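Take a look at the structure below.
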Amino acid sequence: MPETVLVTGGAGFIGSHTCVELLDHGYEVVVVDNHVNSSPEALDRVAKVAGRPLAAVHRVDVRDRKALSEVFAAHPVDAVIHFAARKAVGESVALPVEYYDTNVGGTCTLLSVMHEHGVHRLVFSSSCSVYGDADTAPLTEQSPVAPTNPYARTKLTGESILQDVCAHLADMKVLALRYFNPVGAHPSGLLGEDPRGVPNNLMPYVAQVAVGRREQLSVFGDDYPTPDGTGVRDYIHVVDVAEGHRVALEHLDDRPGMRVFNLGTGAGTSVLQLVAAFGEVSGRPVPYRIVGRRAGDVAELVADASAVADAWGWTTTRDLTAMCRDAWRFQERNPDGYFAGSPGTGAPQTGESPCD
Ligand code: UFG
């Protein structure tokens, strides 16, 4: 019997790529998503890219205990990957209660429903932002945590709750993955990052400038203590992130309890290096101007990625050129994101009710 994995937030950027990876490896995949920040179109495309349907898609908010419990009752869930969350740092400062409600409240509801249905295996979506303004590089899982905004604190709180739950429930097996900066897109050009409104993050902004949707990039500060003065991040290809989740599932049973791993490449890239790489790959130089620093930004966040390599014998394989090439392919083929008239329309639907 193939394993059934329930993916919350499965229509999102990382969620959709992970669904493809799971379908490609024989898993049955059940998606739960409320689509507040994602498009159902992404799930049509998941099925198209994978060449087979999702087991089911449920339009459900993870905070809705009754509806979530009905989803668990309807499927033989073996494990859960929990992506569903709000994720914009700036917004989290303006809407802290909403961030705690969705990210912490949603995680608690999920845990309680999992417990009710005897499901004890979970991969949790965490973030390198829990390290905050780190003064060490590269960052290991033992580096001190010091979140600097509500979003990062909700992720760290989620980890703490899971630590406590694992300490008290002997059957629980949890892997929390702290992603660095996921970027890029599926090489098919069908799946990618489709932010609503003005992108907060660097790569989608750069891609929208290159395609002509925006005039120029604002580079937030060139006076950081980094080689060219601009912020340095550990960009990781979203397909590597998806692969990392599939490999994590395979290692959930290695031992009970809670474990935390970084998901990064170990390589740092500055804003100007990324802009140059994108211009070269796309053949469209990206106009930019230097502006002041963005509040809450840190100089450098780079992973020590050796723990997953040691534990699972797995490393990322896609470099910055692949990240830019695939992000550009998605942007060029879907200049307006997942909207009508773009290539995924009419793709196969799910095996069961597409959105209930
Ligand atoms: N940047 C610009 N101009 C922009 C956008 C970003 O110069 O228009 C710079 C930033 O100052 C930073 C770098 O590009 O130096 C990367 O910024 P991103 O916004 O792409 O990513 P962050 O590192 O700030 O944070 C992102 C997500 C968080 C997540 C974190 C780690 O926004 O949700 O990665 O996973 F927590």
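Results, tabulated for the structure shown:
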{"item": "Considering only region 69-226, percent of DSSP beta bridges that pair antiparallel, nearest 5", "result": "0"}
{"item": "Debye equation applied to the C-alpha atoms of region 198-316, log10 I(q)/I(0) at 0.10, 0.17 Å⁻¹", "result": "-0.40, -0.91"}
{"item": "Nonlocal amide H pairs with A176, under 5 Å, H built at 1.01 Å", "result": "F124, R259, V260, F261"}
{"item": "Euclidean distance between Cα centres, region 278-300 to region 256-276, Å", "result": "18"}
{"item": "Rounded to 5, percent antiparallel among DSSP beta bridges of the chain", "result": "5"}
{"item": "Cβ charges +1 (Lys, Arg) and -1 (Asp, Glu), total dipole of region 118-249, debye", "result": "480"}
{"item": "Solvent-accessible area of T317 with every protein chain in place, 1.4 Å probe, in Å² to the nearest 10", "result": "110"}
{"item": "Enclosed volume per residue, in Å³, of the convex hull spanned by Cα atoms of region 122-180", "result": "77"}
{"item": "nm² value of the averaged projected area, convex hull over the Cα atoms of region 1-75", "result": "4.6"}
{"item": "Along each principal axis, Cα extent of region 155-196, largest first, Å", "result": "44, 20, 18"}
{"item": "Ratio Rg/Rh [Cα only; Rh per Kirkwood] for region 300-341", "result": "1.21"}
{"item": "Longest to shortest principal axis, alpha-carbon extents of region 89-211, angstrom", "result": "51, 37, 29"}
{"item": "Relative contact order (%) - the chain, alpha-carbon pairs under 8 angstrom, separation at least six", "result": "22"}
{"item": "Whole-angstrom gap from region 231-247 to region 134-176, using each part's C-alpha centre", "result": "18"}
{"item": "Contact order normalised by residue count of region 152-268, Cα under 8 Å, 6+ apart, percent", "result": "41"}
{"item": "Note, ³J(HN,Hα) from phi for region 209-223, Karplus 6.51, -1.76, 1.60, rounded to Hz, x at Gly and Pro", "result": "5, 4, 8, x, 7, 9, 6, 7, 7, 9, 8, 7, x, 10, 10"}
{"item": "Nearest-20 debye value, region 206-277 charge dipole, Cβ charges on Lys, Arg, Asp, Glu", "result": "180"}
{"item": "Distant alpha-carbon pairs in the chain (separation over 32 angstrom), percent", "result": "27"}
{"item": "Within region 163-250, trypsin sites (Lys or Arg not before Pro) in DSSP loop having at most 12 other beta-carbon neighbours inside 10 Å", "result": "R196"}
{"item": "Most fluctuating residue given options A170, A248, A146, as computed from a GNM of the chain linking Cα atoms under 10 Å", "result": "A170"}
{"item": "Charged-residue dipole, Cβ positions (Lys, Arg, Asp, Glu), the chain about Cα centre, Debye nearest 20", "result": "600"}
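The values are calculated or read from the model by the stated rules, or taken from the named source; none is laboratory data. Small disclaimer: the values here were computed from a predicted structure and weren't measured. Cβ coordinates were reconstructed from backbone atoms using ideal geometry, including for glycine residues, and neighbour counts include every protein chain displayed. These area figures cover heavy atoms from the full protein model, side chains too; ligands, DNA and RNA do not enter into them. Shrake-Rupley method; radii C 1.70, N 1.55, O 1.52, S 1.80 Å.
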